[in-house]
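Before any comments, here is the structure.
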Amino acid sequence: MRNPEDQRHLLAQAVLHVRSQRATSRRTLADVMRLSPTTAGQYADQLIASGHLNENGLEKGPMGRPKRSLTTNADAGWFAGIEFNAERIQGVRVDFSGAKTDSRIISLPEAVTPKAVIAEISKLITALAKSATGSLLGIGVGVPGIVDPIAGIARDYAFIEGWKDVPLAQQLHDKHHVTVTLDNNLRAIALAERWFGGAAELADYVVLGPRSGFGIAIVIGGRIVTGTEHAAGEIGRWPWPDGGELHDALSSPAVWRRLAGKTKRASLPADLHSALAAFAEQRDEARAAIIADYARVLGSLHLLLDTHSYFLHGPLTALGDAFCTDISSSIASLAPSLQNKPLRLLRSQLGDDAGALGAASLAMETWMP
């Protein structure tokens, strides 16, 4: 006899399997959860009775008896996904079946304070609730910088003055009275690729985030790698030639300056994505040097991680699929040992909502009935 907490966990896992369509019937639910058909059926009955699952239609296979299909009930409630940086807050509302039903963005003023950021996040969640169906079930937040997801504390973010050891999860819980889950925004984006992007069938992959800095999120065996101090993936701090660090050469602002022939202190355009798109067709020495630098970094990562795919996020996606293809091709020439296991670098299709969708995925994955 399982204790109530274990029961809640198993029920939540059943919902995740149905939502992801790994389980579409009682039989497949039993298979993926490695339960007896009777036990899986009991879980299905309980979740149908509570309004979290629906059982409808007939799923007829080529042989044997037809099976009724299980689906999540989209109206059972909703999740808020929030992702922010020093310039803006992005929020999405996702229904219980995992479909995005609203998306909003708030710009932040210069020199914004931690207190003001938290107040604006709360306002955005309230705005998402106005036209929602069902109750708010959980909040996920993709936080820039160093995050302690277990304690729910945002440890450090250099671009908001005073952003040190902020008890963000507790403060949002006190306001909205639901479970609040935090993680680094790139690790949240890795979940977005799982639920909304190209990694639905992948157990191993890496998200590349060359934005104002440069970080990665690593997924191995279906689990996100966080590290002992919750700082795994901060490769932007790797030493780089000329006494700098990797993000000095390969972050999105650095790449734009290199392509545009600007100095390291040159002011950035208001819309970096559009400014980079103007160089999508450029083929010159500056681009070739950037391709070679990315190839060295990704080749080293691939030798270390031996993962399936890499997903490029952020403003550099504006450089198009050719940017990714050329990096992949360059890796083979720079690292002959990788010629027989080529790296797949893919331009993410999730767009600006990626971080907020990933944050909503955090809430979906941690929800329990």
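The values are calculated or read from the model by the stated rules, or taken from the named source; none is laboratory data. This one's a predicted model, so the numbers in the text were calculated from it and none came from an experiment. With ideal geometry, Cβ positions are generated from the backbone for all residues, glycine too; neighbour counts draw on all protein chains shown. Surface accessibility is based on the protein's heavy atoms, side chains included, excluding ligands, DNA and RNA. Shrake-Rupley method; radii C 1.70, N 1.55, O 1.52, S 1.80 Å.
This table checks each residue for (1) β-branched (Val, Ile, Thr); (2) modelled with pLDDT of 95 or more; (3) open to solvent by less than 10 Å² (accessible area, probe 1.4 Å).
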residue	(1), (2), (3)
172	no, yes, yes
210	no, no, yes
221	no, no, no
237	no, no, no
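Is it the case that residue 141 is buried (at least 23 other Cβ atoms within 10 Å of the Cβ), modelled with pLDDT of 95 or more and touching a strand residue (DSSP E or B) at 6+ places or on another chain (Cβ under 6 Å)? For residue 141, the condition - buried (at least 23 other Cβ atoms within 10 Å of the Cβ), modelled with pLDDT of 95 or more and touching a strand residue (DSSP E or B) at 6+ places or on another chain (Cβ under 6 Å) - is met. Inspection of the range 335-353 finds a residue satisfying the criterion of being under 25 Å from residue 183 (Cβ atoms), among the small types (Gly, Ala, Ser) and part of a helix (DSSP H, G or I).
Exactly one residue out of 92, 117, 18 is part of a helix (DSSP H, G or I), at pLDDT 95 or above and closer than 25 Å to residue 197 by Cβ: that is 18.
Taking the range 320-334 only, how many residues are small (Gly, Ala, Ser), open to solvent by less than 50 Å² (accessible area, probe 1.4 Å) and either under 30 Å from residue 7 (Cβ atoms) or assigned to a helix (DSSP H, G or I) (or both)?
4
Tallying residues that are farther than 17 Å from residue 88 by Cβ, in a loop (DSSP other than H, G, I, E, B) and open to solvent by less than 60 Å² (accessible area, probe 1.4 Å) within the range 148-166 yields 4. The residues of the range 290-311 that are touching a Leu at 6+ places or on another chain (Cβ under 9 Å) and more than 18 Å from residue 259 (Cα to Cα), listed by number, are 296, 297, 298, 299, 301, 302, 303, 307, 308, 309, 310, 311.
The set of residues in the range 21-49 that are part of a helix (DSSP H, G or I) and among the polar types (S, T, N, Q) comprises 28, 38, 39, 42, 46. When 7, 13 are checked against the criterion of being modelled with pLDDT under 95, assigned to a helix (DSSP H, G or I) and farther than 23 Å from residue 57 by Cβ, a single residue qualifies: 7.
Within the range 240-255, being within 19 Å of residue 348 (Cα to Cα) and either of a type in the set (D, E, K, R) or without any contact (Cβ under 8 Å) to a residue 24 or more places away in the chain (or both) holds for no residue. Cβ-Cβ contacts under 7 Å between residues 6 or more apart (or on different chains), taken from a first residue in the range 275-295 that is closer than 16 Å to residue 318 by Cα and of a type in the set (Lys, Arg) to a second residue that is at pLDDT 95 or above and open to solvent by less than 20 Å² (accessible area, probe 1.4 Å), are listed as 287/259.
Restricting attention to the range 347-360, the residues that are out of contact with any His (no Cβ under 8 Å at 6 or more places or on another chain), buried (at least 18 other Cβ atoms within 10 Å of the Cβ), more than 13 Å from residue 137 (Cβ to Cβ) and in contact (Cβ under 8 Å) with a residue 60 or more places away in the chain add up to 6.
Tell me yes or no: at least one residue of the range 96-109 is more than 21 Å from the chain's Cα centre (by Cα), open to solvent by 60 Å² or more (accessible area, probe 1.4 Å) and at pLDDT 95 or above. No - not one qualifying residue is present in the range 96-109.
Each row is one residue, and each column tells you yes or no for (1) hydrophobic (A, V, I, L, M, F, W, C); (2) modelled with pLDDT of 95 or more; (3) in contact with a Pro (Cβ under 6 Å, 6 or more places away or on another chain); (4) within 15 Å of residue 209 (Cβ to Cβ).
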| position | (1), (2), (3), (4) |
| --- | --- |
| 268 | yes, no, yes, no |
| 291 | yes, yes, no, no |
| 299 | no, no, no, no |
| 314 | no, no, yes, yes |
| 363 | yes, yes, no, no |
